[in-house]
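One structure is given below, encoded as structure tokens.
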Amino acid sequence: MMTNEDVSKNFRSLVEAADRKFAKVRDVPAYGCGPSQSQNFQFQKVFKAYMKLWKYQQVKRTELVELGLQRWEIGEIASRIGQLYFGQYLRTSEARFLLESYIFYEATINRRYFDGSKDRGVRFKELRFYARFLLVSLILNRFEMVKILAEKLKALVDDIITNFPETNFKEWKLVVQEITRFMRTDIALGSARPMRYCAIFDAYTYSHSYVARFHANKVLKFRDAILTSYHRNEVKFAEFTLDSFRMLQSLEWESSGSFYQKRQIELQENGGLTDQSLTSGLIDINLAADMADPSLPPNPKKAILYHPSVTQLIAVIATICEELAPERVLLLYISASGKAIHINNSVSESTGAVRMSSKVKIVSHTSHGNSNSGCENHVNENGKSSHPSGDSLWLGPCRNGGSNNLYPHDIIPFTRKPLFLIIDSDNSHAFKMIHGSERGETAALFLSPLKPSFRFPPTGSDAVQNGSQFTLFLTSPMLAFFQLVGVPSSDDNTDLYENAEKILSEAFAQWEIIMCTTNMLDLVWAQMLSDPLLRRLIIRFIFCRSALFYFCSGEDKREECTPICLPELPASLSPKSEAVRSAVLQLAIHLQVADCFCFDNT
């Protein structure tokens, strides 16, 4: 018969074994086309270890409690499993892993495993749990849960500061500020219309048959993307900047409804889980469980890079390009300033995060970023900068030395593979030189305006703090248009918003038909047109370009304030075409903001 000492020894042995396996997979890079076969084997081993641990504590719960097992230890196991699932989501972009992570985190908070502990180390575990659960809830668009968790996190930080006055909790105060700012800034937060591709909103009846019949000589599949942004004082939470978060959302699929419904999970008194929906829950941890919505294609795999150095970014691009399967296209999204920023770093390890002080000043960048003299970038009519090193993007302080400037020439080697490049910057036009300089495949280029346009420009702080206008047009075009013309997108404007969406949907359907039927469509765009996610980006770019074209009066301003696409789209979809012009005019009249645009003499 097993003694209490044996039970305790076996439990601690299982905990140590699970922790060792977790350590092996925790730092596996979340980029590349996916984990290797050996890595997949390691992930399966660590999940099995935690399944064994969880089942053992269920069976031996009474003995373990008598031996001093704390509720927070059970919560730590469940939280660790949720963390593993979220890591798998980041590596694969599979929605089922994100859902499983949410299930574990929600069960942990519902059972209040961390409540009541007065131990300083346990309180730090609880803080990290809330931060991770917040990020999962944000990505899943569980905005009510986000609000609840944000309030709980703030209350927890305040309580810990009171009870542990000798401890520096500056990092966690910043985390609370981050999530508060993120929720306040993201104007799409809680919107009835998701940023993810949803058939209800994004598949148009009028153009469906034309899209279905369309077929290019070469068709590219979209399965891989790299997303990164670096701006001064940009809104972020954890390692997700606002721009990267919006792009991530727009490059995923939204279910028709049933798949993302909250699962009804009843927790048993012993901490087990009764699961009526065939999910793995807290007992049956099964990576092979088929949770995928069969009506949806897989999400493209996305490498989300937070403030990478130039060499790190290039290394990731090279890794993914090397593994890129035939007939596939890589989408590379970079949002960054063309002006260098000098930042004094202050690093704190209390939460395992690296943060920057508020001492920020703009400086001109040389090829090594060492100049101290102020300088403005000037872009000539050919999209070239008059400054010798002004034809680049600034990716911030390089932790390991070296240049912080990303040049167009840095991207050219990767044009041996199909590349869809989106540059969102005040120096984006410098990247026009990539077109015609490719090394094998003609790249598709979206280059943002050099500066945003607003009817009522933001006051007090940098516009970039609210996220990029160009990125918002690509991810939530109606909200971007409302922001452009200064119309609030509040609940009071529901009817106005819905009718505007109807106008826009009809225009998008018409533009899809034009693209599918014209014989002037460049092969670069034709070979991507069959992919719904990429087709939606193209359509939204057409709308963004036309709205900004008519919003900005004067040819000189239009050059700065309108985006560029290379190769050119057909003239039938240019801002001056009747199909495009009439849609923007109709939308402006509907919102009673036609006086903001110049539709004459264009």
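The values are calculated or read from the model by the stated rules, or taken from the named source; none is laboratory data. What you see is a predicted model; the values in this text were computed from it and never measured. Neighbour counts run over all protein chains shown; Cβ positions are idealised from the backbone, glycine included. Keep in mind that these areas ignore ligands, DNA and RNA; they rest on the heavy atoms of the full protein, side chains included. Shrake-Rupley method; radii C 1.70, N 1.55, O 1.52, S 1.80 Å.
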Only residues that are under 26 Å from the mean Cα position of the chain (by Cα) and free of Cβ contacts under 8 Å to residues at least 60 places away in the same chain: list them for the range 488-535, please.
P488, S490, D491, Y497, E498
Matching residues in the range 103-146 - criterion: being in a helix (DSSP H, G or I), within 17 Å of the chain's Cα centre (by Cα) and not aliphatic (A, V, I, L, M):
R132, F133, S137, F143
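Of all the residues that make up the range 88-100, how many are touching a Lys or Arg at 6+ places or on another chain (Cβ under 7 Å) and open to solvent by 10 Å² or more (accessible area, probe 1.4 Å)?
Residues of the range 88-100 touching a Lys or Arg at 6+ places or on another chain (Cβ under 7 Å): 92-93.
If we keep only those that are open to solvent by 10 Å² or more (accessible area, probe 1.4 Å) too, we end up with 92.
Result for the range 88-100: 1.
Among the candidates E100, E16, which residue alone is in a helix (DSSP H, G or I) and over 30 Å from A303 (Cβ atoms)? Reasoning before the result, please.
Working: E100 fails: over 30 Å from A303 (Cβ atoms).
The match here is E16.
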Of all residues making up the range 305-327, the number that are within 24 Å of F245 (Cβ to Cβ) and open to solvent by less than 40 Å² (accessible area, probe 1.4 Å):
9
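Can you name the residue in the range 54-70 that is in contact (Cβ under 8 Å) with a residue 24 or more places away in the chain and farther than 22 Å from I81 by Cα and, of all such residues, is most open to solvent (accessible area, probe 1.4 Å)?
Initially, the range 54-70 is screened for residues in contact (Cβ under 8 Å) with a residue 24 or more places away in the chain, giving 54-58, 60-61, 63-64, 66-67, 69-70.
Pick out the ones that are also farther than 22 Å from I81 by Cα and you get 63, 66-67.
Values: E63: 54, E66: 131, L67: 80 Å².
If we take residues in the range 54-70 being in contact (Cβ under 8 Å) with a residue 24 or more places away in the chain and farther than 22 Å from I81 by Cα, then E66 is most open to solvent (accessible area, probe 1.4 Å).
Can you give me the ranges of the helices (runs of 4 or more DSSP H) entirely in the range 147-238 with at least 2 residues that are not hydrophobic (A, V, I, L, M, F, W, C)? Show your work before the answer.
Working: elements: 170-185, 199-202, 205-213.
It comes to 170-185, 205-213.
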Any hit, the range 488-501, residues being within 27 Å of R213 (Cα to Cα) and in contact with a Phe, Trp or Tyr (Cβ under 8 Å, 6 or more places away or on another chain):
yes
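Open to solvent by less than 10 Å² (accessible area, probe 1.4 Å) and closer than 29 Å to S93 by Cβ: which single residue out of L135, L127 fits that description? Walk me through it before giving the result.
Working: L135 fails: open to solvent by less than 10 Å² (accessible area, probe 1.4 Å).
Testing whether each residue is open to solvent by less than 10 Å² (accessible area, probe 1.4 Å) and closer than 29 Å to S93 by Cβ leaves just L127.
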Selection count where residues are surrounded by 17 or more Cβ atoms within 10 Å (Cβ to Cβ) and free of Cβ contacts under 8 Å to residues at least 24 places away in the same chain, scope the range 208-258:
0
If I filter the range 459-470 for residues that are open to solvent by less than 50 Å² (accessible area, probe 1.4 Å) and of a type in the set (D, E), do I get at least one hit?
no
